[in-house]
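Contents: one structure, followed by commentary.
Values in this text are rule-based calculations from the coordinates and carry no lab data. The structure displayed is predicted, hence computed values, not measured ones. As a convention, Cβ positions derive from the backbone with ideal geometry for all residues, glycine included, and neighbour counts pool all protein chains shown.
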């Protein structure tokens, strides 16, 4: 594909993803499409079915590879600092791969109660986000050239770090600030804990980033973050309040990134 063709497609994507109808459609896909299960389906219990699938998703069987997906992001972040644009395609490809994994490992469960189950809306939208990260690996809109920035631009760092660390005892869901979790828990394979990291990096280099990837990733972050707030603080705050706190980085950073994605960029900012 020629550079001109890629640029034209990118322009069209930037235009389409700004449209109100697109944003409404995207939100509806993530909120009203029912889950798919192969047995025991009851349309009056859709919320319970979704929660059951999420609690029993395939990710819980992947503990042997948790450390791999904690170490790789750490290495990539340092590589971005050291090598910048020389590894931007690798960074984008890894982003695309992980969003496919988020879709599959967090959106699918195989259980005795419901058989094969899929949280359909989450799955579709995460795959779409993955495609946009793969698209970025083709068009290379992200420019990871280091530049001097005011300290306020780094406000997201402690929040993204907290999400990536995910300091919680999964048996009790209470705070557990064991530093070993930086390298051992499931956060590297989870949408809600890796998205703040990805978006944080993109906002740091804004406006020299792929606006479409930034926009749609952050929009999905807001949708999923919202439902996490409902569950953690509204439905089960007695048990899940700390899990809710650890999802606040997803909400705050996603909102910030989405606002940036719709902001008009001045010529001075891109020089």
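Helix 3-16 versus the longest principal axis of the chain: what angle, 0 to 90°, nearest 10, using Cα atoms? The two axes meet at around 50 degrees.
Would you please give the FRET efficiency between residue 239 and residue 87, computed as 1/(1 + (r/R0)^6) with r the Cβ-Cβ distance and R0 = 41 Å, to the nearest 0.05? Efficiency at R0 = 41 Å is approximately 0.50.
For region 186-226, the convex hull drawn through the C-alpha positions has a volume of 60 cubic angstrom per residue.
Within region 1-57, the percentage of alpha carbon pairs spaced more than 19 angstrom apart rounds to 55%.
Rg and Dmax, both from the Cα atoms of region 41-166 and both in Å, are 17.9, 56. The order of 169, 238, going from fewest to most other C-beta atoms within 10 Å of their C-beta, is 238, 169.
Sorting the segments 78-90, 133-145, 244-256 by their mean number of nearby beta carbons within 10 angstrom, highest to lowest, gives 244-256, 133-145, 78-90. Over region 163-237, the ratio between the Cα radius of gyration and 2.2 N^0.38 Å evaluates to 1.27.
Output the relative contact order of region 151-271, whole-number percent, from Cα pairs under 8 angstrom with separation of 6+ residues. Worked out over region 151-271, it gives 31 percent. Packing around the peptides 59-65, 212-218, 162-168, taken as the average count of other Cβ atoms within 10 Å per residue, puts them in this order, highest first: 212-218, 162-168, 59-65.
The value of relative contact order for region 3-270, using C-alpha pairs under 8 Å at least six residues apart, is 21 percent. Ordering 152, 24, 110 from the fewest to the most neighbouring beta carbons within 10 Å gives 152, 24, 110. Region 7-42 and region 147-224 have Cα centres spaced 23 Å apart. Helix 191-205 and the longest principal axis of the C-alpha atoms of the chain enclose an angle of approximately 10°. For region 3-270, the average shadow cast by the Cα convex hull is 15.1 nm², which is a quarter of the hull's surface. Above 18 Å, the calculated P(r) of region 144-190 contains 43 percent of its Cα-Cα pairs. If you line up the long axis of helix 88-107 against the longest principal axis of the chain, both from Cα atoms, how many degrees apart are they, to the nearest 10? The two axes meet at around 20 degrees. Its Kirkwood hydrodynamic radius, worked out from the mean inverse distance over all distinct Cα pairs, puts region 17-91 at 16.6 Å. Kirkwood analysis of the Cα pair distances in region 103-168 returns a hydrodynamic radius of 15.7 Å.
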